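The values are calculated or read from the model by the stated rules, or taken from the named source; none is laboratory data. Predicted, not measured: the structure shown is a model, and the values here were computed from it. A quick note on method: Cβ atoms are made from the backbone with ideal geometry, for glycine too, and the neighbour counts reach across all protein chains shown. Side chains included, ligands, DNA and RNA excluded: accessible areas come from the protein's heavy atoms. Shrake-Rupley method; radii C 1.70, N 1.55, O 1.52, S 1.80 Å.
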Amino acid sequence: MSVALAARRPVALDRLRSADLPLALQIVTIVAAAAITAVLAQVELRFYLWEVPLTLQTVAVYGTGLVLGRRNGFLAMGLYLLAGLALPVFSGGASGLAHLIGATGGYLLAFPLVALVAGAVTERTRTLGQSAFALLVGSLVLFSCGVAVLHTVSGDLSWMAALDMGWARFIPWDLAKIAAVSGAYAFGRRA
């Protein structure tokens, strides 16, 4: 006599991460994620913590990694960066190479890595806690790259000042974004 365990019922949202998703649908989701990131980059909260405005584009970056997984999340954020070379998709309607090699370039260049990390950490399990943990790790990648480039490009900004202006001031807002995205993702998987 053998005992068979019932397979977990697949979750519809997880299908978007699947490697066997039709190629056309994968392309559509990658383009859609890049477009959503571009739209949310234009949503600025009306106060500045330094020279950098608070935007909602990292909400899209975090969500892309969770929903599309590591490969397609990475591709979507890479497409966003490529689009930004010619189209006004960066914060404030900016575009061009200058934004990728300027003071905020480290944050932008980290977007594909953040999506990759969030997707990879949630490869096997996608609980609320695991999703929040994945986004925290992604946040560390984002701010590490951002602060490193900020310090390097600014020339006269000390490491402590770069950490303060490029990371510490954003911690409460980023934690709120992480909570919102991981909560929405967990809710979407249950729905």
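Side notes on the structure shown:
- Against the test of being open to solvent by less than 20 Å² (accessible area, probe 1.4 Å) and not in a helix (DSSP H, G or I), the options L54, L108 yield a single qualifying residue, L54.
- On inspection, A83 fails the criterion of being part of a loop (DSSP other than H, G, I, E, B) and open to solvent by 20 Å² or more (accessible area, probe 1.4 Å).
- Scanning the stretch 59-78 finds no residues that are aliphatic (A, V, I, L, M), at pLDDT 95 or above and outside any helix (DSSP H, G or I).
- Residues being small (G, A, S) and within 22 Å of H151 (Cβ to Cβ) - total across the stretch 100-126: 5
- Residue under evaluation L108, criteria (1) at pLDDT 95 or above; (2) under 15 Å from L135 (Cβ atoms), criterion not met: (2)
- The residues of the stretch 152-187 that are open to solvent by 50 Å² or more (accessible area, probe 1.4 Å), in contact (Cβ under 8 Å) with a residue 24 or more places away in the chain and either charged (D, E, K, R) or outside any helix (DSSP H, G or I) (or both), listed by number, are W167, R169.
- W159, sole failed condition from (1) within 21 Å of Y80 (Cβ to Cβ); (2) over 13 Å from the mean Cα position of the chain (by Cα): (1)
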